[in-house]
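The values are calculated or read from the model by the stated rules, or taken from the named source; none is laboratory data. Only a predicted model underlies this, so the values are computations on that prediction, with no experimental measurement involved. All Cβ positions, even for glycine, are placed from backbone atoms using ideal geometry, and neighbour counts span all protein chains on display.
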Amino acid sequence: MRRQAATSGVNPAGSSRALRLDPLSLPVSFNAYDLRADGGMRQIELHRERVVLRRAVHGMRMAVQVRITDFLGVALRGGDDGAMLVLKHRDPSLTIPLFVGDDMNEIATKWLMWSELFALPQLQDKEPREPAARRRRRNAIRWRRPKFLMRRRVGDRLGSVKVHRGEREIIARS
């Protein structure tokens with residue numbers, strides 16, 4: 001049996017092309033498509049100050065909480081059969097769909113409402129990109145050894161020290 005969405009009805013919000021979220025009725029919870037998630041769906045909770053994404057990947061359930069200020073803006077994606085408003089993030093896998101429609105006047109009104117609600121700029125988005133590659137740290141073990149020890153050459157002074165082996169020497173300090 002399939003798990004039902006948090007909202008009731010035949011077409012829950014975000015389930016198909018009928019995604020029409022109202023910016024004045026936050027917080028809202030809905031399901032959206034996610035190709036990487038198990039079952040192809042993720043649950044999104046949209047609040048005025050944060051977004052919570054819940055999904056399972058390879059059996060491991062996770063919840064990611066992202067502040068609204070971390071998003072780049074509200075972007076308009078144009079398609080051949082309509083347009084879509086998304087809350088755009090630097091990582092495309094964290095981009096949130098907000099509104100899908102055909103009427104450009106309604107889309108322009110919703111675009112302005114969403115951008116004013118979140119205090120984010122309105123963006124034009126040509127095409128969705130692949131998720132951002134994981135950034136490499138410059139030096140993963142830098143914290144293990146202090147910087148001045150990295151500059152110091154090992155064995156510098158060993159050449160000047162005389163080592164007496166095989167002698168029975170007594171050192172007395174006066």
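Here are the numbers:
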| item | result |
| --- | --- |
| Test for residue 82: is it within 22 Å of residue 125 (Cα to Cα), in contact with an Asp or Glu (Cβ under 6 Å, 6 or more places away or on another chain) and in contact (Cβ under 8 Å) with a residue 24 or more places away in the chain | yes |
| Residue satisfying all of: in segment 99-119; touching a residue at least 60 places away in the same chain (Cβ under 8 Å) and outside any helix (DSSP H, G or I); nearest to the chain's Cα centre (by Cα) among these | 99 |
| Filter result (closer than 22 Å to residue 29 by Cα and of a type in the set (Gly, Ala, Ser)) within segment 84-122 | 93, 101, 115, 119 |
| Qualifying position, being in contact with a strand residue (DSSP E or B) (Cβ under 7 Å, 6 or more places away or on another chain), at pLDDT below 90 and on the phi < 0 side of the Ramachandran plot, among 108, 83, 63 | 83 |
| Residue within segment 54-70 that is buried (at least 18 other Cβ atoms within 10 Å of the Cβ), aliphatic (A, V, I, L, M) and in a strand (DSSP E or B) present | no |
| Residues within segment 18-53 that are touching a Phe, Trp or Tyr at 6+ places or on another chain (Cβ under 8 Å), free of Cβ contacts under 8 Å to residues at least 60 places away in the same chain and not in a strand (DSSP E or B), tallied | 1 |
